[in-house]
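Below: one structure, written as structure tokens.
The values are calculated or read from the model by the stated rules, or taken from the named source; none is laboratory data. This is a predicted model, so every value here is computed, not measured. Note: ideal-geometry Cβ built from the backbone for every residue, glycine included; neighbour counts use all protein chains shown. Note: accessible area is taken over every heavy atom of the protein model, side chains too, but ligands, DNA and RNA are not part of it. Shrake-Rupley method; radii C 1.70, N 1.55, O 1.52, S 1.80 Å.
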Amino acid sequence: MAAHLREAYERMLAAFGPQHWWPGESPFEIMVGAVLVQNTAWRNVERAIANLRDAAVMNPRALYDLPPAELAELIRPAGYYQVKTKRLRNLLQFIVEQYDASLEAMFRTSLQTLREQLLAVHGIGPETADAILLYAGGLPTFVVDTYAHRVLARHGWIGYDASYHEIKDYFESELPHDAALFNEYHALLVRVGKENCKRSVPLCETCPLAELLPECGVVPSF
Ligand code: SF4
């Protein structure tokens with residue numbers, strides 16, 4: 001592992017401890033959460049997931065068989081519920097038609113092939129696909145998000161204009177391909193991003209990564 005990434009990881013882990021991500025009672029629930037969390041806070045997703053649990057439809061076949069209007073009503077607390085109903089149904093259709101509703105069969109597919117299949121599902125972008133693969137499937141793919149981008153760019157490890165796949169390749173070329181490590185690393189970056197590396201005003205003074213800043217200490221808004 002590259003020395004600076006190892007040190008960043010160890011500092012975050014010492015400061016925050018294991019994050020126990022991703023919350024969910026089953027791989028399918030994690031998958032549903034990965035779609036519902038787009039553009040909303042996790043607490044709203046929790047309310048939608050509670051509705052799905054209460055309705056006893058938290059499995060691919062039952063959720064796919066649910067009339068779209070009923071699904072929309074159940075996931076309404078997650079916001080953008082009409083769009084998310086379509087995205088969720090696209091994903092469910094893929095699982096039902098391609099894998100006969102079996103997540104076990106789906107996650108036996110090679111990582112690269114399954115990633116390409118998920119990205120071909122309308123409404124499933126790279127971050128959602130990688131979250132599904134890593135957190136629901138336990139497959140070693142790094143999940144990139146705004147927090148990771150911001151932290152790395154502010155430390156001069158990547159450019160501010162780096163793309164999703166450039167950042168993903170950066171992590172994956174520097175870290176051992178270990179799903180547990182990718183899991184914890186991503187979760188810790190989200191934690192430091194929320195608590196310290198805020199968009200407009202980074203709180204470097206109290207941040208576990210402060211000693212890893214470049215000497216100039218420039219941390220522009222981002
Ligand atoms: S808050 Fe400062 S020290 Fe912490 S990750 Fe952001 S730029 Fe680095």
Compute the acute angle (0 to 90°) between the alpha-carbon long axis of helix 27-36 and the principal axis of greatest extent of the alpha-carbon atoms of the chain; round to the nearest 10°. 80
For H20, the accessible surface traced by a 1.4 Å probe with all protein chains present amounts, in square angstrom to the nearest 10, to 150
Estimated FRET transfer efficiency (S163, R108; beta-carbon r; R0 25 Å; 0.05): 0.25
Set the Förster radius R0 to 25 Å, insert the Cβ-Cβ distance between S173 and T206 as r into 1/(1 + (r/R0)^6), and round the FRET efficiency to 0.05. 0.20
Efficiency of FRET from Cβ geometry, Y80 and A55, R₀ 22 Å, rounded to 0.05: 0.65
Relative contact order for the range 27-111, counting Cα pairs under 8 Å that sit 6 or more residues apart, in percent: 31
Okay, helix-only estimate at 222 nm for the chain: each DSSP H run of n ≥ 4 adds -39500 (n - 2.57), divide by all residues, round to 500 deg cm²/dmol; what do you get? -17000 deg cm²/dmol
In debye to the nearest 20, the charge dipole size for the chain, taken about the Cα centre with +1 at each Lys and Arg Cβ and -1 at each Asp and Glu Cβ, equals 620
The range 33-52 scanned against label point 7 Å out from L119 along Cα→C-beta; backbone N under 19 Å for 35
Within the range 141-222, report the trypsin sites (Lys or Arg not before Pro) that DSSP leaves as loop and that have at most 11 other Cβ atoms within 10 Å. R199
Determine the share of the range 27-136's accessible area contributed by carbon and sulfur atoms, expressed in whole percent, with a 1.4 angstrom probe. 49
Length gained, D65-E10, 0.36 nm per residue minus C-alpha separation, equals 15.3 nm
Just tell me which lysines come within less than 30 Å, Cα to Cα, of K198; anything on the same chain fewer than 8 places away is out. K84, K168
Mind checking which aspartates and glutamates have their Cα closer than 20 Å to the Cα of K86? Skip sequence neighbours fewer than 8 apart in that chain. E29, E46, D65, E70, E73, E97, D100, E116, E127, D130
Helix 179-195 against the longest principal axis of the chain: what's the angle in degrees, Cα atoms only, rounded to the nearest 10? 70
